[in-house]
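The values are calculated or read from the model by the stated rules, or taken from the named source; none is laboratory data. All values derive from a computational prediction rather than experimental measurement. Neighbour counts are summed over all protein chains in view; Cβ atoms, including those assigned to glycine, are modelled from backbone coordinates with ideal geometry. With ligands, DNA and RNA removed, areas are computed over all heavy atoms of the protein, side chains included. Shrake-Rupley method; radii C 1.70, N 1.55, O 1.52, S 1.80 Å.
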Amino acid sequence: MSSLVVRVVGVGDAFTTRYFNACFLVEAGSTRILVDAPPALGRALGDLGARGGPPVGLADVDRVIITHLHGDHVGGLEQLLFFQRFVTGKRITLHASPDVLAGLWETRLRGGMDTLMAADGTRSSLTLDDYANVVPLGPGKNPIGDLDLEWRPTIHHIPTAALRFSAGGLSFGYSADTAFDPTLVDWLACADLFFHETNLGVHTPLASLVGLPDAVKRRMRLIHYPDFHDPAHSPIPCAREGERIEL
């Protein structure tokens, strides 16, 4: 049985001054996928290596999935795509649900990336396909290298996808940003382990998660939590930056 590994890059919410924004790597066999690409991505990955385990840099990311288009989840994607184009000469594979992909280029990336100037001053127009191999997520299980990935929409301001990864009989889930949704929790709780966000506004209140059955909470780790949340005294264990979890 091959292992399923999660490496926590960031745990913070959109307003954090203590952490990197919520982001992690999922690895199985020869496959590694970055979940979301927040601002300061290069530094966050660099710190991940410094915290222990094999180092990871922008050049090591060849697959990324974007859950939704809020800046704390997609603000580092331009950095990643430019780095791969100009430094490594590679194109990453970019995954997202169709609703997320529909707005990614026009609303988040085009303004800074659709025109490039050559050394002789000539300009060329580009699209997202010039930077990445774009693969929309379909219904059911999506094979991604040595992983299978399922997704479902969440309750949030804009289209957002919760995720469930599986490999070798093991599974890992992520709520992404969402209001409290018992049906989503049930879907995630089918996994061996899952990350669930908690925050204010159109997010999931901590009290709603604390009220869940103990069997569910034992498989849950909090992520995307606010700076005032104290991980040392949390009623549900928190994901920690630099943590490596092997299922």
Give me the one-decimal nm value for the distance between modelled label points at residue 126 and residue 214, 7 Å along each residue's Cα-to-Cβ direction.
5.5
Can you pull the percent of segment 4-246's accessible area that's carbon plus sulfur, 1.4 Å probe, other chains left in place?
53
About its Cα centre, what dipole magnitude does the chain give when the only charges are +1 on Lys and Arg Cβ and -1 on Asp and Glu Cβ, stated in debye to the nearest 20?
300
Restricting attention to segment 121-201, which trypsin sites (Lys or Arg not before Pro) occupy a DSSP loop and are surrounded by at most 15 other Cβ atoms within 10 Å?
141
Treat every Asp and Glu Cβ in segment 130-242 as -1 and every Lys and Arg Cβ as +1, leave all other atoms uncharged, and give the resulting dipole magnitude about the Cα centre to the nearest 20 debye.
260
Show log10 I(q)/I(0) for the chain at q = 0.09, 0.12, 0.14 Å⁻¹, two decimals, from a solvent-free Debye sum over equal Cα scatterers.
-0.37, -0.65, -0.89
Round to the nearest 0.05 the FRET efficiency obtained for residue 43 and residue 86 when R0 = 22 Å and r is the Cβ-Cβ distance.
0.75
Nearest-20 debye value, segment 59-195 charge dipole, Cβ charges on Lys, Arg, Asp, Glu
240
Average accessible surface area per residue within the chain, 1.4 Å rolling probe, Å²:
43
Order 115, 160, 17 by their accessible area, 1.4 angstrom probe, all chains in place, largest first.
17, 115, 160
With springs connecting C-alpha atoms under 10 Å apart, model the chain as a Gaussian network and identify which of 93, 178, 122 has the largest mean-square fluctuation.
122
In segment 4-246, taking the dipole from +1 charges on Lys and Arg beta carbons and -1 charges on Asp and Glu beta carbons about the Cα centre, the listed residue (55, 175, 9) farthest towards the positive end is 55
On a C-alpha basis, how far is the centre of segment 133-191 from the centre of segment 37-103 in Å? Whole number, if you could?
18
Listed residues 27, 197 arranged by accessible area, highest first, probe 1.4 Å
27, 197
Given R₀ = 51 Å, FRET efficiency for residue 200-residue 135 by Cβ-Cβ distance, to 0.05?
0.90
Taking only Cα atoms and a 10 Å spring cutoff, compute GNM fluctuations for the chain and point out the largest among 235, 213, 226.
213
Identify, among 102, 142, 187, the residue whose Cα sits farthest towards the positive end of the charge dipole of the chain, taking +1 on the Cβ of Lys and Arg and -1 on the Cβ of Asp and Glu, with the dipole about the Cα centre.
142
